[in-house]
Amino acid sequence: MTEIALIGNPNSGKTSLFNLLTGTNQRVGNWPGVTVERKSGTVKKDKTIQAQDLPGIYSMSPYTPEEKVARDYLLGNHADSILNVVDATNLERNLYLTTQLIETGIPVTLALNMSDVLKQAGKSISTSKLSYQLGIPVVATSAVKGFGVDKAVKIAAQTTKESVSQIQYPLYDDKFEAALAEIIEILGNSVPQRSARFYAIKLFEGDVLVEEDLNLSDFQKAEIKDIITITEEIFTEDAESIVINQRYDFIERVAKMAQSQDSDFKLTLSDKIDRLVTNRILAMPIFALVMFLVYFLSIQTVGTMWTDWVNEVLFGELVPGWVQAGLDYLQVADWLESLIIDGIVAGVGAVLGFLPQIFVLFVCLGILEDIGYMSRIAFVMDRIFRRFGLSGKSFIPMLIATGCGVPAIMASRTIENERDRRITIMTSTFMPCSAKLEIIALIAGAFFPDNPFVAPSTYFLGLLAIVLSGIALKKTRVLGGYASPFIMELPSYHLPKIMTVLRYGFTKALSFMKRAGTIIFSLTVMIWFLSSYNMSFEAVETDQSILASLGQSVAWIFQPLGFGNWKAAVAAFTGLAAKETVVATFGILYHDSSQTGLAQALLGDYSALAAYSFLVFNLLCAPCFAAIGAIKREMNDLKWTLAAIVFQTGLAYVVSLMIYQFGLVLLYGQQVSLWTLVALALLFTLGYFIMRKPRQVEEDVISLETLGMVQE
Ligand code: BGO
C-alpha cells in the first residue's frame, strides 16, 4: 500500500478532492486525544493507494490542534508521499504551507486546484514553471469539474520516499542558509536525516514543542542559540520574522515567475540597470567607484564631520573634563585617577571617537544591500572568481566580513565543497571589518588627510588579497579541485527603505559600543596596567613600563616593515585580541584620545609610508580572537586553524614588507638595499605561486557526489 497524505489550506478543495478520489471507501473517526475529525480511504481507481485526509491548516506551527495533528502525522513517518492541495486563485498564501511541507523531506506533489475558477477569471499559472521553481511535480486540477485529479494522485503515488532520493528545498538567502547548514550539522543524528531541514528551521524559529520533543544536549542548545543570535544580528530582525520574510521572498519569486506570461518578458528598468552594472567591462569600474564613494562619505567627509565633534569636543574635552572634575571631587587615589583618565578614557574614548564613521559606513552599505546592488556584485564576482576556478559563493562571506569576520566565517557554511570552504575561511577576514575601520580612519586621517584614495584602497587591497591568495591556494594539492556551483536570484531594484537602513546602521553602531564597553574596556585596563608599572610593580613612565620592555623585545620583527617602534609593535600584538585595541593602545601609550592629538603624536614617530605599511599589516594579519575561534570551529581541526593563522600573518608581513621597501626606493628615492632585494624575491615567489600550473588534486577528499553535481 502506498499512503498519500492529502493536505492543504482550509477551503482549498481538499475534502472535495478526497471525496472524488475515495467515494464511499471512507473511514471516519477522530485523531487520538483530540476532537479533530480523521478521514482515510482507499482510492477508487487504484486500491493500492491509501489516502489520508489531514486537517486544513495554514502552517506547520503547532498553535492549533489541527496543525499539531498534521505535523505529528507527517513527522511520524507514516506517509510515503504528500499531495498538497493548493487553491490556484490564492497561490501565494497557499504556497506558505507548501514550503514547509517540502522541508519535511517527504516528497510533495502539488495539485493546483480550482484551476477552472482561475481559467474563468482569464488568468493562468504555468504548471511547468511552478514545478521547476518548486522542484516538485505540479498538476492542474478541479475537484468540482473532476479534471487532473487522477493524474495528480497517480504522480503522487509514484513520487514517494522510496523513489525520490534528493529533495530540492526552497532556497533562501545565503546568510540564512549558512545558519541552517550549521544548525543541521549541530543536530547530527538527533533528528531523522530526511527532516533535518524542517527541524533546523523550527528550532531557528524558537518552536517550543520541537525543542521539547528533541531532547537536545545543553551544548547543542547553546550552539544553536549562538547561531540564532548572530543571524538575528546580521539580518537585524528577530528569528521568527527572518523565517517568515525568507519564505515570502521565495514565494514571491516563484509566484511571479509562474504567473508571468511570456509577453511579460520585456526589459524593465531593473533589467536596464542590470545591463549596465553587470556589464563585463563596466561592472568592476562601477563597483570601484561605488565603494570609493562609500569610503569617501564615511571616512573622509560626512562621517568625519561628526567624528571631529565626537573626538575633539566630546572625548577630547568634555568627557575627560567631567571625569577629571568628578575624580577631583571624590579625591580618589592617584593610581585610580590614572587608570580612569589615562587608561579607560584615553583607550575607550579613542575607540568610541570613530562611532560616527562606522555608522555612516554601515548606512551606506545598508543602502547598497537594500536596493539590491550587492546581489549584482556577488553575481559579477562569481563571473570573475569562476574564471580562476574559485567559487562565487566566497563573495557572500566577504560581504559579511565588511561588518565582522565572525559571521563571515560562519557563512562559509553555504559552500558545499570542503576545499573552497577552507579557502574562504582562510581569506574572508582580509576585508576591512568595522574594527579595522578605526585603524584605517586613524591612519588615513593622520597621515593622508587630503588623499581620498587611501581608505578605499584598503577595501580593494582586501579584495585583491582574497582573489590572489584564492588563486594560489586553489593551485595547491590539498586545496585544489572543482568550484562549488553558485546559483543566485537577482531581486528587482527598489528604493531603500529608510527604516531598514537606519536600523542596520544603528545595530552595527550598538554592537560596536557594546564591544567598547566590554572587551575593549577590559583590554584598556590591562594595557594601562602594563604601560604604567614596571616588573617590580612600581609606577613608572610609559617608556620604562612592562609593556615597553615587551614591545622592545619584539619591535625588531617589524623593523623591515617600517614600524620597528615598540609602541606600534605592541599595538599590532594587542590587535590580535580585538582590532579596535590597536587604536585604544595608541590612545593609552600616547596619552591622548583625541584624533588630532593622536595624529600629531603618530606623525612624530612614523613616516606616511610606514603608517600605510602598518595599516596593511593590520588589515591582512590574523584576525581577532573571536574570529580565530570561529575559524577553529569551522575548520574543526587545529592544524588547519594554525595553517590559516600562519598564512594570514605571513602574507600580511610579506605584503607590508614589499610596500615599505619598494616605497622607500620608488617614493622616497632611497638606495636599493638588501631588504629591497628580499622584497623583490618575495614578489617573484608570490607571483610564482599565483601563476604556476595547478598541482594534481588529491581525489580522496573531493567527490562529485559530495558536491551533488557532475562536472560537465
Ligand atoms: C462549497 N473548483 C471549484 N470551482 N470549486 C471547488 C473546487 C474546484 O476545483 N474544489 C473545491 N471547490 P472543500 P476544504 C460551496 O462548498 O473541499 C469548492 O476546506 C458552497 N457550499 O465545492 O470543502 C467546493 O476541504 C456553496 O465549495 O475545501 C467548496 O479544503 C457555494 O470550494 C469549496 C459555493 O471546498 C471548498 C461553494 C455550501
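Here's the yes/no breakdown for (1) touching a Cys at 6+ places or on another chain (Cβ under 7 Å); (2) part of a loop (DSSP other than H, G, I, E, B); (3) on the phi > 0 side of the Ramachandran plot; (4) surrounded by fewer than 24 Cβ atoms within 10 Å (Cβ to Cβ):
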position: 614; (1), (2), (3), (4): no, no, no, no
position: 633; (1), (2), (3), (4): no, no, no, yes
position: 654; (1), (2), (3), (4): no, no, no, yes
position: 662; (1), (2), (3), (4): no, no, no, yes
position: 670; (1), (2), (3), (4): no, yes, no, yes
position: 681; (1), (2), (3), (4): no, no, no, yes
Test residue 157 against the criterion of being among the small types (Gly, Ala, Ser), in contact (Cβ under 8 Å) with a residue 60 or more places away in the chain and within 19 Å of residue 243 (Cβ to Cβ), and give yes or no.
no
Mind checking which residues of the range 117-153 are among the β-branched types (Val, Ile, Thr) and either farther than 29 Å from residue 48 by Cα or surrounded by fewer than 16 Cβ atoms within 10 Å (Cβ to Cβ) (or both)?
117, 125, 144
For a quick check of your reading of the model, give me the residue pairs whose first member lies in the range 137-154 and is within 16 Å of residue 107 (Cα to Cα), whose second is within 12 Å of the ligand (Cβ to nearest atom) and in a loop (DSSP other than H, G, I, E, B), with beta-carbon atoms closer than 7 Å and at least 6 apart or on different chains.
139/148; 152/141
Might you let me know whether the range 678-694 holds any residue that is of a type in the set (S, T, N, Q), touching a helix residue (DSSP H, G or I) at 6+ places or on another chain (Cβ under 7 Å) and under 25 Å from residue 614 (Cβ atoms)?
no
List the pairs whose first member sits in the range 6-26 and is part of a strand (DSSP E or B), whose second member is modelled with pLDDT of 90 or more and within 7 Å of the ligand (Cβ to nearest atom), and whose Cβ atoms are under 6 Å apart, counting only residues at least 6 apart or on separate chains?
6/14; 8/14; 8/85
Looking at the structure I just gave you, is residue 10 within 16 Å of the ligand (Cβ to nearest atom), at pLDDT below 90 and loosely packed, with under 14 Cβ neighbours inside 10 Å?
yes
In the range 13-59, what count of residues is obtained for those that are of a type in the set (S, T, N, Q), within 46 Å of the chain's Cα centre (by Cα) and more than 16 Å from the ligand (Cβ to nearest atom)?
2
Being under 35 Å from the mean Cα position of the chain (by Cα) and within 16 Å of the ligand (Cβ to nearest atom) is the filter here; which residues of the range 130-182 pass it?
138
Those residues that are basic (Lys, Arg) and without any contact (Cβ under 8 Å) to a residue 24 or more places away in the chain, I need them from the range 111-126; list them, please.
119
Can you name the residue in the range 164-180 that is among the hydrophobic types (A, V, I, L, M, F, W, C) and in contact with an Asp or Glu (Cβ under 9 Å, 6 or more places away or on another chain) and is also farthest from residue 206 (Cα to Cα) among such residues?
167
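Residues checked against (1) without any contact (Cβ under 8 Å) to a residue 12 or more places away in the chain; (2) part of a helix (DSSP H, G or I); (3) out of contact with any Gly (no Cβ under 7 Å at 6 or more places or on another chain); (4) within 11 Å of the ligand (Cβ to nearest atom):
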{"residue": "74", "(1), (2), (3), (4)": "no, yes, yes, no"}
{"residue": "93", "(1), (2), (3), (4)": "no, yes, yes, no"}
{"residue": "102", "(1), (2), (3), (4)": "no, yes, yes, no"}
{"residue": "109", "(1), (2), (3), (4)": "no, no, yes, no"}
{"residue": "128", "(1), (2), (3), (4)": "yes, yes, yes, no"}
Condition broken by residue 116, with the remaining ones in (1) part of a helix (DSSP H, G or I); (2) away from the ligand (no atom under 16 Å from the Cβ) satisfied
(2)
Suppose we keep only residues that are more than 16 Å from residue 99 (Cβ to Cβ) and surrounded by 20 or more Cβ atoms within 10 Å (Cβ to Cβ) within the range 197-215. Which one would you say is modelled with the lowest pLDDT?
210
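Here's the yes/no breakdown for (1) at pLDDT 75 or above; (2) touching a helix residue (DSSP H, G or I) at 6+ places or on another chain (Cβ under 8 Å); (3) among the small types (Gly, Ala, Ser):
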residue	(1), (2), (3)
291	yes, yes, no
294	yes, yes, no
297	yes, yes, no
312	no, yes, no
317	yes, no, no
322	yes, no, no
327	yes, yes, no
334	yes, no, no
Selection status of residue 190, without any contact (Cβ under 8 Å) to a residue 40 or more places away in the chain, more than 26 Å from residue 73 (Cα to Cα) and in contact with a helix residue (DSSP H, G or I) (Cβ under 9 Å, 6 or more places away or on another chain):
no
Can you say whether residue 431 is under 16 Å from residue 378 (Cβ atoms) and at pLDDT 80 or above, as far as the supplied structure shows?
yes
Within the range 482-519, of all residues that are among the hydrophobic types (A, V, I, L, M, F, W, C) and outside any helix (DSSP H, G or I), the one modelled with the highest pLDDT is 495
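The values are calculated or read from the model by the stated rules, or taken from the named source; none is laboratory data. What you see is a predicted model; the values in this text were computed from it and never measured. With ideal geometry, Cβ positions are generated from the backbone for all residues, glycine too; neighbour counts draw on all protein chains shown.
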